[in-house]
Amino acid sequence: ADEARNRLDLILKGGHPAGTDRKDTSGPQDTAEKSQWKKDFYGSISQFYFYNQTTTDATDTLVTQSSLNTDLDLTLRLRSDDIDINTLFVGGYQPDFLDSDDSESRLRSAYVNLAHKPSNLFTQIGRQTHNSGGMLGRFDGALMGAHLSDKITLNLVGGYPVPFSSSGIETDKYFYGISFDLGTLADQWDFNTFFINQETEGITDRRAIGGEVRYFHPKGSIFS
């Protein structure tokens, strides 16, 4: 305690204690230390070769499949005291060696998730999958929201539905919506209320207003 008090007196008087760097150790350096980023990067790659051959009689054979399935799964996360950035890519490619026209690319997920902790704001942009708030699976678009309190979250969503992972961006059909999340209450209950509207070439394709209830328990869960 005495040593710390002496060092502090020297700093306040404009001096520099022995063994310290003669740089300003006030706010800016503290801010720089706090803003250092922590990085996590991990992923996997897999390959499978598929080959099918059918024998039609004692002598004739027919090759019905010859393809190489390659899948890639990558995650990069950057974190600081104020910002959390998470990026995810999950996709693959399957060339057909019998007929190149049947080769297929798949993009299951490719998004960036950004959360700003001081403002309680977050957004997720890209190809993503959600099954709550009136959303029905995979879409290309953006989900934005704000944590209004510890128990209430506002969500805004908009984008283009994706029927298959091999589909590209199809702009002739789009949707937008708003939802509120409430929970978790009593450590077991989550609630959600939503409005969502979907248009296809200027025609109302789907319009829904509703709510969702989830109950979690170690012995089981209920969704309605």
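Under 15 Å from the Cβ of Ser221, count the other residues' Cβ atoms, weight Lys and Arg +1, Asp and Glu -1, and hand me the total.
Summing Lys and Arg as +1 and Asp and Glu as -1 gives -1.
Could you tell me the ratio Rg/Rh of the range 56-167? Both radii from Cα atoms, Rh via Kirkwood.
1.20
Tell me, what % of the accessible area of the range 165-224 is carbon and sulfur with a 1.4 angstrom probe?
Heavy-atom surface of the range 165-224 belonging to carbon and sulfur, 1.4 Å probe: 57 percent.
Per DSSP helix of 4 or more residues, -39500 (n - 2.57); summed, then divided by the residues of the chain. What does that give at 222 nm, rounded to the nearest 500?
-2500 deg cm²/dmol
At most 11 other Cβ atoms within 10 Å and a DSSP loop assignment: could you name the chymotrypsin sites (Phe, Trp or Tyr not before Pro) in the range 76-166 that fit?
Phe164
Translational diffusion coefficient of the range 109-192 at 4 °C, 1.567 mPa s, Stokes-Einstein with Kirkwood Rh over Cα pairs, in µm²/s as a whole number.
Rounded to a whole number, D works out at 94 µm²/s.
Mind checking the per residue accessible area of the range 65-224 for me, 1.4 Å probe, whole number of Å²?
58 Å²
Taking the chain as the reference, fit the longest principal axis to its C-alpha atoms, fit the long axis of helix 2-12 to the helix C-alpha atoms, and give the angle between the two in degrees, 0 to 90, nearest 10.
90 degrees
Whole-Hz ³J(HN,Hα) for each residue in the range 56-71, computed from phi via Karplus 6.51 cos²θ - 1.76 cosθ + 1.60 with θ = phi - 60°, x for glycine and proline: what do you get?
Karplus-based 3J(HN,Hα) across the range 56-71 equals 8, 7, 5, 10, 8, 10, 9, 7, 9, 8, 7, 8, 10, 9, 10, 10 Hz.
So which of Lys38/Lys219; Lys117/Lys151; Lys151/Lys173; Lys151/Lys219 end up more than 26 Å apart, counting from Cα to Cα?
In this structure, Lys38/Lys219; Lys151/Lys173 exceed 26 Å between Cα atoms.
Specify the longest stretch of the chain that does not include any exposed loop site, a site being one of the trypsin sites (Lys or Arg not before Pro) with a non-H, G, I, E, B DSSP assignment and at most 15 other Cβ atoms within 10 Å.
24-150
Taking the simple approach of a point 7 Å from Cα along Cα-to-Cβ for both Thr123 and Lys38, what is their distance in nm?
Modelled inter-label distance: 2.6 nm.
Which one, Phe89, Ala110, Trp37, is farthest towards the positive end of the dipole of the range 29-129 when Lys and Arg carry +1 and Asp and Glu -1 on their Cβ?
Farthest along the dipole direction, towards plus: Trp37.
How big is the accessible area of Asp140 in square angstrom, nearest 10, if you roll a 1.4 angstrom probe over the protein chains?
Counting only protein heavy atoms, Asp140 exposes about 20 Å² to solvent.
Could you give the nm distance between label points at Thr184 and Leu154, where each point is 7 Å from its Cα heading toward the beta carbon?
Those two pseudo-labels are separated by 2.6 nm.
The values are calculated or read from the model by the stated rules, or taken from the named source; none is laboratory data. The structure presented is a predicted model; accordingly, all values stated were derived computationally and were not measured. Cβ: placed from backbone, ideal geometry, glycine included. Neighbour counts: every protein chain shown. Each accessible area value is taken on the protein alone, full model and side chains, heavy atoms only, with ligands, DNA and RNA left out. Shrake-Rupley method; radii C 1.70, N 1.55, O 1.52, S 1.80 Å.
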